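The values are calculated or read from the model by the stated rules, or taken from the named source; none is laboratory data. These numbers come from a predicted model, not from an experiment. Here the Cβ positions follow ideal geometry from the backbone for every residue, glycine too, while neighbour counts run over all protein chains shown. Calculation scope for accessible area: heavy atoms of the full protein, side chains included, ligands and nucleic acids excluded. Shrake-Rupley method; radii C 1.70, N 1.55, O 1.52, S 1.80 Å.
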Amino acid sequence: MASEHTNGTLDGANSGGPPNKLLERVVRTPGRQPSPQPTHLSVPGAQQPRLLHETGSGYVAPKFEGKQQQMEQVMDQVEEKGFIPGDLVDDETKWFYNELGIDDMYFSTETVENIVSHILSLYAAKVAAYARADKQLEIRLDKEAADHAVYIDTSVPGISGAGGSRFEARLEEKYLDGSRGPNSYRVETFRSPSRLPGGDQQSLRCYFVYQTSFQNKTPDATETSIDVLGDERFLQKASKNTKDIYQNVMDAVVSRTGPVIDMYDVEGTREKRLIVGFKQGSALGLFTALSDLYHYYGLTSSRKYVEQFSNGITIMSIYLRPAPNLAASHPPIEASIHQIMKEVSLLYCIPQNRFQSHFKSGRLSLQEAIYAHCVWVFVQHFLNRLGNEYNTLSSVLDANNSIHAEVLSKLKKRLRTETFTADYILEIMNQYPVLIRSLYLAFANTHYVQTRGEADDFLPTLSYLRMKVDRVLSDAELKDLISKNAVNEHHEMVMTAFRIFNSAVLKTNFYTPTKVALSFRLNPNFLPPEEYSQPLYGMFLVISSEFRGFHLRFRDIARGGIRIVKSRSKEAYAINARSLFDENYNLANTQQRKNKDIPEGGSKGVVLLDIQHQDKTTVAFEKYIDSIMDLLLPPTSPGIKDPIVDLYGKEEILFMGPDENTADLVNWATEHARARGAPWWKSFFTGKSPKLGGIPHDSYGMTTLSVREYVLGIYRKLNLDETQVRKLQTGGPDGDLGSNEILLGREMYCAIVDGSGVLVDPNGLDRTELMRLAKERKMIVNYDISKLSKEGYRVLVEETNVTLPSGETVNNGTSFRNTFHLREAERYDTFVPCGGRPESIDFSSASRLISKGKAAIPYIVEGANLFITQEAKLRLEKAGCIVFKDASANKGGVTSSSLEVLASLSFDDAGFLAHMCVQPDGTTPQFYQAYVKQVQAKIQENARLEFEAIWREHEETGVARSILSDRLSMAITKMDEELQGTELWDNVQLRRSVLSDALPNLLLNEIGLDKIMERVPENYLRSIFGSYLASRFIYTMGISASPVSFFAFMNKRMSHLQQ
């Protein structure tokens, strides 16, 4: 790994020191303050060991008074069956009742017939074992019903057998993973205390699943008492001590994002009681994965309980002891229990990783397996690159030639699709567990922190025997090792990606036990400049079982929204996964061009939900935000010293906002940042509730105001009557942009496409009905179709074989919706995309909007980000279409967000609460109302200035507007950066003059320039200074203005100062 990074210095943190760096050698970030964490962990050394002063399980089943009578009935029926010899009936029945550790709850619940069936099955298994050559006793019993289930099998304690019954995985998938609130299941499981006769180390394991029965099915949101929230069986059986323990866990878990992990020593034994509490649905597969974890350390469980509570909390209790046959080959339980506790948090992030089989077999430790899983995700996005051949071909072909451009476009898509699939990458990685161990060790050597000196028993490889023996290899040695072991070029490329990943990671929360997802701050320098011409400043990768996501930014101070992408099918997910990074990069790049008028550069976060977790929008968002905050704030909790290795070495602040599927979640992010002690909580997220000082974009139509200026600008320049313009819009009345476009526009709407389908009327849709839907934020499925003319129609996505008024048949409503904007049958004057997936119009499909060399739609204002590819825009413009691209039109939201942040930075906390926050009684401060109007006016002013600049430049040069938009953005951005580095800032009189013009008058009048300059960070003020001067110069003098023009521009400004 290199000793220096462009975005931070390594400063000797990996200069051949010991494998586990002590705390004092950690590279620390200046100015980082402690913060509370999302996970509660009882850490060894933080307090005296806690003892359970009770024997037994902490559960006492109500005595089953009819047990003896039932046992006699069972004996009678067993004897009647005649399968078990008469002289053995008593012994087999009593063995089942008294020796297996099954409590009275089972016997009071099950029927005599079912108990007889279980006893006969167990006896049959014993008989079958004598017939086997290996004399192996194998019992597999299961009974599944809607309200309960029973599983009984044999296994060797402490071993996850590949050929086992998989009962745990089965019951978890069928009953536990789907448990939500009142519809939940609790589990009790016991292992028989003695080995089975002739069982070769085996003992019997019984699982009992019961549907919960809550007294309070709909508790108050603030209720935390387990006596109110608990299942009736649990409340009957749990001892007071157990209830007290669970109450402590409950109190902690309701206030945290992640799991609560606790441990108690059982008095008089070496047994440990591990307690794990978490929110339902936030860790699918954890119950099974925990078994694999403690088996890895040679431990087994004597009893396990999974309790559900009606407020949506799950608490697991596991009694662990050394497996009798494995103790000699594993560390003592007193040491390994602490590793297990820390690793539960890692397991919580990804309970079932793609290298689980290697973990079960012991070929990889949990950390090695999850590290490999993370690299597998990384590789999918950065190995499907185009290669030298494509770069050579693109340099030979003429991008301005439409045929050449189409060939390159199709070739790019095919190469990225077909080169390395996720399954192929996984297949390759699975062949090299030994290589993965060496690569992981290099990663751990850099990022693991030994927080308790030599007493720390939590080592990077999880096996201190391996750590003592294995040597950390240098990057050159790893390269050589991969080269010698890889069987072909493809395998070498995949395994080399581990080295790229290792060298790119600047900081990670991988080793802190207080995490809910795994986050990595990456140095983006590994990206090939041929494909990513604009270099990124910063990159975060976040991985969880529910999602994967990136956050990309082009400047240190940057802003952009966080969007969550859902997939309707496996095919759609595969497509979304392949394009995830490129979509994120392009969105951030577009944001960078949009942000020309504001001090922040462009950024974007994109979260892709896993195909199995499409309903986990809130869970994914919270984990994504919290894990990124792990890398922005130091991960320390009371009693825990848990720093991270920070190779970036500088303070980082991210500015975020709402985007697709996250508008309702930003309040939580703001409150969470405040709860974690982030000093920048007020400015962390924009678009939040007015109660938190936010200016919601949708409520005030901020994004639409900018788009409308471009639409109206076209009408103004061409003297068009707005009411006579025929209009097509994608993105319906349910969305922010779509609804406000309907409310602000006066065109004749002829077609609207949204998530529910397509609505068309060549004679114009009923304006009153559209306004109703827009105000109520409802999709076109709610449109009153009685208001359609004879030529009008509606096709919903779920409909098939629909006949249109023209006689045309629509076979599939979803396909019709997805391609409607490309139909040649309809004719429109203006198209305003307000929603839709990126690249909905690409170079190839743009041909369908061109007839006889002329654009079918004369005017397009791209409200939705990346809806049309750049190649498609140029093709449409060449055919005569007036196109204004997203980076110019859709910038109202970022202007609003920037001014919202400026207010939060300018006010102190008291002033912010008084002037920018809706009061507890619901009244809105007068300042807030006036400030919103000023923000709206600024959005319209900026949009008009850019529209006029692009229109004027196109008239003079004939260059396509889509190209001029990019040139203008780049010219302003470049000049902005240059101005910030000049001596102009040092001219105090000029500085104050520019800031007085750039800052909103309301803020200046209320707070005063001096106070604002005192409170707002200087680098932020410099950005305001540079962006304002640069944008006003370019808008006034033109994109190609010379240095002489700037001299004249500044002379004019300076002359005003002297007057």
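For (1) without any contact (Cβ under 8 Å) to a residue 40 or more places away in the chain; (2) within 21 Å of residue 706 (Cβ to Cβ), each residue gets a yes or a no:
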| site | (1), (2) |
| --- | --- |
| 855 | yes, no |
| 862 | yes, yes |
| 868 | yes, yes |
| 881 | yes, yes |
| 896 | no, yes |
| 901 | no, yes |
| 908 | no, no |
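If I go through the stretch 815-833 residue by residue, how many of them are open to solvent by 30 Å² or more (accessible area, probe 1.4 Å) and either in contact (Cβ under 8 Å) with a residue 40 or more places away in the chain or over 33 Å from the mean Cα position of the chain (by Cα) (or both)?
Residues meeting the conditions: 7.
In the stretch 730-745, what count of residues is obtained for those that are acidic (Asp, Glu) and either at pLDDT 95 or above or in contact with a helix residue (DSSP H, G or I) (Cβ under 6 Å, 6 or more places away or on another chain) (or both)?
Result for the stretch 730-745: 2.
Which residues, counting only those in the stretch 172-196, are open to solvent by less than 20 Å² (accessible area, probe 1.4 Å), at pLDDT below 90 and not in a loop (DSSP other than H, G, I, E, B)?
Once the filter is applied, which keeps residues that are open to solvent by less than 20 Å² (accessible area, probe 1.4 Å), at pLDDT below 90 and not in a loop (DSSP other than H, G, I, E, B), the stretch 172-196 yields only 190.
Could you grab me the full set of residues in the stretch 793-804 that are in contact with a Phe, Trp or Tyr (Cβ under 6 Å, 6 or more places away or on another chain) and part of a loop (DSSP other than H, G, I, E, B)?
Initial filter on the stretch 793-804 (in contact with a Phe, Trp or Tyr (Cβ under 6 Å, 6 or more places away or on another chain)): 795, 804.
Listed by number, the list holds a single entry, 804.
For every residue, the table says whether it meets (1) assigned to a helix (DSSP H, G or I); (2) of a type in the set (Val, Ile, Thr); (3) open to solvent by less than 10 Å² (accessible area, probe 1.4 Å); (4) touching a residue at least 24 places away in the same chain (Cβ under 8 Å).
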| residue | (1), (2), (3), (4) |
| --- | --- |
| 699 | yes, no, no, no |
| 711 | yes, yes, yes, yes |
| 723 | yes, yes, no, yes |
| 727 | no, no, yes, yes |
| 742 | yes, yes, yes, yes |
| 758 | no, yes, yes, yes |
| 781 | yes, yes, no, yes |
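Kindly list the number of the only condition in (1) of a type in the set (Lys, Arg); (2) in contact (Cβ under 8 Å) with a residue 60 or more places away in the chain; (3) open to solvent by 10 Å² or more (accessible area, probe 1.4 Å) that fails for residue 623.
Among (1) of a type in the set (Lys, Arg); (2) in contact (Cβ under 8 Å) with a residue 60 or more places away in the chain; (3) open to solvent by 10 Å² or more (accessible area, probe 1.4 Å), the lone unmet condition for residue 623 is (3).
Suppose we keep only residues that are in a loop (DSSP other than H, G, I, E, B) and open to solvent by 70 Å² or more (accessible area, probe 1.4 Å) within the stretch 489-532. Which one would you say is nearest to residue 650 (Cα to Cα)?
529
Among what's in the stretch 658-670 and is part of a helix (DSSP H, G or I) and farther than 19 Å from residue 928 by Cβ, pick the residue that is least open to solvent (accessible area, probe 1.4 Å).
Among them, the one singled out is 669.
Can you pull out the residues in the stretch 509-523 that are modelled with pLDDT of 95 or more and either in contact with a Leu (Cβ under 7 Å, 6 or more places away or on another chain) or on the phi > 0 side of the Ramachandran plot (or both)?
519, 520, 521, 522, 523
Please find, within the stretch 943-955, the residue that is farthest from the chain's Cα centre (by Cα) out of those that are in contact (Cβ under 8 Å) with a residue 40 or more places away in the chain and open to solvent by 20 Å² or more (accessible area, probe 1.4 Å).
At the first step, the residues of the stretch 943-955 found to be in contact (Cβ under 8 Å) with a residue 40 or more places away in the chain are 943-953.
Within this subset, residues satisfying the condition of being open to solvent by 20 Å² or more (accessible area, probe 1.4 Å) are 944-945, 948, 951-952.
Numbers: 944: 37, 945: 37, 948: 40, 951: 40, 952: 43 Å.
Per the criteria, the residue is 952.
Working carefully through the options 241, 248, find the one that is touching a residue at least 60 places away in the same chain (Cβ under 8 Å) and farther than 24 Å from residue 669 by Cα.
Working: 248 fails: touching a residue at least 60 places away in the same chain (Cβ under 8 Å).
Within the list 241, 248, the selection yields 241.
What about residue 974, is it touching a helix residue (DSSP H, G or I) at 6+ places or on another chain (Cβ under 9 Å), at pLDDT 90 or above and either assigned to a helix (DSSP H, G or I) or open to solvent by 20 Å² or more (accessible area, probe 1.4 Å) (or both)?
Spelling it out, it is not the case that residue 974 is touching a helix residue (DSSP H, G or I) at 6+ places or on another chain (Cβ under 9 Å), at pLDDT 90 or above and either assigned to a helix (DSSP H, G or I) or open to solvent by 20 Å² or more (accessible area, probe 1.4 Å) (or both).
Run down 169, 252 and say which single residue is assigned to a helix (DSSP H, G or I), in contact with a strand residue (DSSP E or B) (Cβ under 7 Å, 6 or more places away or on another chain) and surrounded by fewer than 22 Cβ atoms within 10 Å (Cβ to Cβ).
Checking each option against the conditions leaves just 252.
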